[in-house]
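Some notes on the structure that comes next.
The values are calculated or read from the model by the stated rules, or taken from the named source; none is laboratory data. Model, not experiment: these values are computed from the prediction. No Cβ is skipped: glycine too gets one built from the backbone with ideal geometry, and neighbour counts run over all protein chains shown.
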Amino acid sequence: MKNYFKTIVKYGFIFGLIFSSVSCEDYLDRSPDTIISENEAFENFTKFQGFTEELYQCIPDFTNAYWTNSWNWGEDEIQSTARDFHFVVKIDNGNLWGWQSEYDGWQAGWMNRRGVSTNNDRFAKDLWTLGWAGIRKANIGLANMDKLQDATQEEKDMIKGQLLFFRGWFHFQFMQYFGGLPYIDTVLPSDQPLTLPRLSYAECAEKAAADFRLAADLLPVDWDETTVGKRTLGKNALRINKIMALGYLGKNYLWAGSPLMNKVSTGSATYNTEFCKKAAQAFAELLNHTESSNSKYALLPFAKYSDNFYTTGQNWAIPGGTEAIFRGPYFGANGSNWGTSKQYQPAPILVDGDVKFLPTANYVDYYGMANGLPITNITQADAESGYDPTHPWQGRDPRFYNDIVYDGVQCVKGTIPAANAADRYANLYTGGNYRNISTGSRTGYLLYKFIPITANKYDGGYDWGSNLNIHIPWMRLSDIYLMYAESAAIAYNSPNGKDPSYNKTAVEAINVVRDRANVGHVANKFLITLDLFMSEVRRERAVELAFEGHRFNDLRRWMLFTQSPYTLKKSIEFDRDPSFNPATPKTNKVLNIRETVILERNFSDKHYWLPLKNADVNMYLEFPQNPGW
């Protein structure tokens, strides 16, 4: 830890003196090597904002941090066997040390890597180093607010609000992986020994909440509607605002109130209803803003659902649209074309490359039927939901068809050589040539949530001319509805629980998300008890937020991560019926359908928290390692 605090002191000093031309929007026309005095650096809004905007450069792009990228670490995804350097493979083997650069010889992970910087190099970003640097930088800015004299009150509030948000955000990111840590809210002197103790999770959460709350009070809903923001009108989408601060205020409280975090804080492996009540209140305040008539935030129509995650032919437009709450900068246009876009398709059939990420069959089972009812058993008929195991692709949740490629789906739209004509359609049945444990599908499914169907070597959908950009937001509006549903139900002990300031109950919030995809509402049988309702809350999060990096932390905070069936990764096995017709994949009949366990994770309680770096925890007694590591 001492080494990393030295790092943030170093970065903080540099940030305090040097203004880089790299920022969300350039406020300064200065050389990156220009050195100015401390008083001058903070004297007006333009200079102080230039200092503040380097905090945005500390946000890693987990979608495109390397040539291929791993961010789904629950039971949702499994990697092809050709390589083993990504963190998901290390987790499968019980090796949670793998998040650290010392255990990643490829430097492929976005959590920690060597040679980090605040330039535009996506390969030089990580959460661990730049997170501590960002905390140091935010504290330096806050300590120098008194030097901002040549500024209006609006300008002062917007600078301070951004700094508070980032201090809370970086601490929150660390807490959710490592538990309670020292909450650094002052500029630490570089010449004194460290004695800061690890706080409890609840203590850290309260401090982060104070930062998020004050940030929300200081910041506008829309920068474009402010005097300051009109100077960069139409270019403020990534700048921190009230909605972002309220989103993380609520998420921070909900995480603190979740069973895992409450257990380490109080010893009780149940929800903390008071924290959940505070979470529901924050989400309610946010949703009252976004549901107002003049809000720029709204759920995208389902026809444009993919705009949340990728864009094509839009001159490198960053995905997200009106639904994105919080996104980091997109580093390196065209980078996702040549790496991320190819990690979901079989090689050499459709693309090159040997690292592939596949949705597990057991996770795909969470996608229920269009009528809103779940599939209880993939191999058995269900008269109530209408699921038929001989026609498993029929009548499913529309998000299933959007996200998942199953047997028979057309994967090549354009011309394909006659010798390869059979490759036009996904041969994902047992024995099909799309099935390959090394460079194809290990599970019988492919994931296309983040790529267009044309992103292959025949259609050219990943070349420069397609302008394909893949960039997944850290938080989007549908997540807010689902977190509100969870927190309100727990806080008020009912599926019909609601925050007094908001007009929707927990179940109504889920149904808002389902309505967008034209999925049936939560069935009455799940409204009888809170436990039954929570099973649908968890399933809805699994489907709506599938493969967006949420599952690992959700399973952990719910204390399900070490329990079967959440430790299993399965494939679906079946034979094609002779009546197979590629023109009607949804209604094709299959034979002998079954699921097979590919691997079972062997976890214990220690795996609920990532291990800290040994070099850090050995520096002083007040900073112990996480239990079991």
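With respect to Ala542, is the statement that it is closer than 27 Å to Tyr310 by Cα and touching a strand residue (DSSP E or B) at 6+ places or on another chain (Cβ under 9 Å) true? Considered against the rule, which asks whether it is closer than 27 Å to Tyr310 by Cα and touching a strand residue (DSSP E or B) at 6+ places or on another chain (Cβ under 9 Å), Ala542 comes out as no. Residue-level analysis places Arg594 outside the set of residues that are outside any loop (DSSP other than H, G, I, E, B) and under 30 Å from Arg114 (Cβ atoms). Pairing each residue of the range 552-571 that is among the β-branched types (Val, Ile, Thr) and modelled with pLDDT of 95 or more with any residue that is in a loop (DSSP other than H, G, I, E, B) and surrounded by fewer than 18 Cβ atoms within 10 Å (Cβ to Cβ), provided the two are 6+ apart or on different chains, yields C-beta distances under 8 Å for Thr562/Phe603; Thr562/Ser604; Thr567/Asn602; Thr567/Phe603.
For the range 83-94, how many residues meet the condition of being part of a helix (DSSP H, G or I), more than 19 Å from Asn614 (Cβ to Cβ) and either in contact with an Asp or Glu (Cβ under 8 Å, 6 or more places away or on another chain) or hydroxyl-bearing (Ser, Thr, Tyr) (or both)? So the answer is 1.
Yes or no, residue by residue, for (1) in contact with a Ser or Thr (Cβ under 9 Å, 6 or more places away or on another chain); (2) closer than 30 Å to Trp316 by Cα; (3) at pLDDT 95 or above; (4) assigned to a helix (DSSP H, G or I):
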| site | (1), (2), (3), (4) |
| --- | --- |
| Leu350 | no, yes, yes, no |
| Val355 | yes, yes, yes, no |
| Thr390 | no, no, yes, no |
| Tyr401 | no, yes, yes, yes |
| Asn427 | no, no, yes, no |
| Thr430 | yes, no, yes, no |
| Thr443 | yes, no, yes, no |
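Within the set Ala546, Ala509, the sole residue that is assigned to a loop (DSSP other than H, G, I, E, B), under 28 Å from the mean Cα position of the chain (by Cα) and either free of Cβ contacts under 8 Å to residues at least 60 places away in the same chain or surrounded by 21 or more Cβ atoms within 10 Å (Cβ to Cβ) (or both) turns out to be Ala546.
If you go through the range 555-575 and keep only what is under 30 Å from Ala421 (Cα atoms) and either of a type in the set (A, V, I, L, M, F, W, C) or crowded, with 19+ Cβ neighbours inside 10 Å (or both), you end up with Lys570, Ser571, Ile572, Phe574.
For the range 368-388, filtered to residues that are under 32 Å from the mean Cα position of the chain (by Cα) and not in a loop (DSSP other than H, G, I, E, B), the residue that is nearest to Glu540 (Cα to Cα) is Met369. For residues that are touching a helix residue (DSSP H, G or I) at 6+ places or on another chain (Cβ under 8 Å) and of a type in the set (Lys, Arg), tally how many sit in the range 575-605. Summing the residues that are touching a helix residue (DSSP H, G or I) at 6+ places or on another chain (Cβ under 8 Å) and of a type in the set (Lys, Arg) in the range 575-605 gives 2.
The residue that is surrounded by the most Cβ atoms within 10 Å (Cβ to Cβ), among those in the range 300-313 that are at pLDDT 95 or above and more than 19 Å from the chain's Cα centre (by Cα), is Phe302.
The number of residues in the range 466-506 that are over 20 Å from the mean Cα position of the chain (by Cα) and surrounded by fewer than 24 Cβ atoms within 10 Å (Cβ to Cβ) comes to 14.
With the condition kept exactly as written, say whether any residue in the range 101-110 is out of contact with any helix residue (DSSP H, G or I) (no Cβ under 9 Å at 6 or more places or on another chain), closer than 30 Å to Gly628 by Cα and in contact (Cβ under 8 Å) with a residue 40 or more places away in the chain. Show your work before the answer.
Of all residues in the range 101-110, those out of contact with any helix residue (DSSP H, G or I) (no Cβ under 9 Å at 6 or more places or on another chain) come to 105-106.
From the residues that got through so far, the ones that are closer than 30 Å to Gly628 by Cα too are 105-106.
When the remaining residues are screened for being in contact (Cβ under 8 Å) with a residue 40 or more places away in the chain, the result is 106.
Within the range 101-110, one or more residues are out of contact with any helix residue (DSSP H, G or I) (no Cβ under 9 Å at 6 or more places or on another chain), closer than 30 Å to Gly628 by Cα and in contact (Cβ under 8 Å) with a residue 40 or more places away in the chain.
Selection of the range 337-359 for residues being surrounded by 21 or more Cβ atoms within 10 Å (Cβ to Cβ) and charged (D, E, K, R) yields Lys342, Lys356. All conditions but one from (1) assigned to a helix (DSSP H, G or I); (2) buried (at least 19 other Cβ atoms within 10 Å of the Cβ); (3) among the aliphatic types (A, V, I, L, M) apply to Val519; the one that does not is (1). Only one entry of Phe533, Phe552 meets the criterion of being touching a Ser or Thr at 6+ places or on another chain (Cβ under 9 Å), crowded, with 18+ Cβ neighbours inside 10 Å, outside any loop (DSSP other than H, G, I, E, B) and of a type in the set (Phe, Trp, Tyr), and that entry is Phe533.
Among the listed residues Leu233, Leu188, Leu219, Leu214, which satisfies the condition of being touching a residue at least 40 places away in the same chain (Cβ under 8 Å), aliphatic (A, V, I, L, M) and either more than 23 Å from Trp132 (Cβ to Cβ) or in contact with an Asp or Glu (Cβ under 9 Å, 6 or more places away or on another chain) (or both)?
Leu219
All conditions but one from (1) of a type outside the set (Phe, Trp, Tyr); (2) modelled with pLDDT under 95; (3) more than 22 Å from the chain's Cα centre (by Cα); (4) buried (at least 19 other Cβ atoms within 10 Å of the Cβ) apply to Glu38; the one that does not is (4). Each residue in the range 416-452 was checked for being in contact with a Phe, Trp or Tyr (Cβ under 6 Å, 6 or more places away or on another chain) and of a type in the set (Asp, Glu), and 0 pass.
Would you be able to tell me the number of residues in the range 272-299 that are in a loop (DSSP other than H, G, I, E, B) and surrounded by fewer than 24 Cβ atoms within 10 Å (Cβ to Cβ)? Qualifying residue count, the range 272-299: 9.
Could you check the range 213-234 and list, in sequence order, the residues that are within 30 Å of Met261 (Cβ to Cβ) and out of contact with any Lys or Arg (no Cβ under 9 Å at 6 or more places or on another chain)?
Arg213
For the range 125-158, a residue qualifies if it is aliphatic (A, V, I, L, M) and surrounded by fewer than 24 Cβ atoms within 10 Å (Cβ to Cβ), and the qualifying residues are Ile140, Leu142, Ala143, Met145, Leu148, Ala151.
Of all residues in the range 95-124 being of a type outside the set (A, V, I, L, M, F, W, C) and assigned to a helix (DSSP H, G or I), which is surrounded by the fewest Cβ atoms within 10 Å (Cβ to Cβ)? Per the stated criteria, the residue is Glu102.
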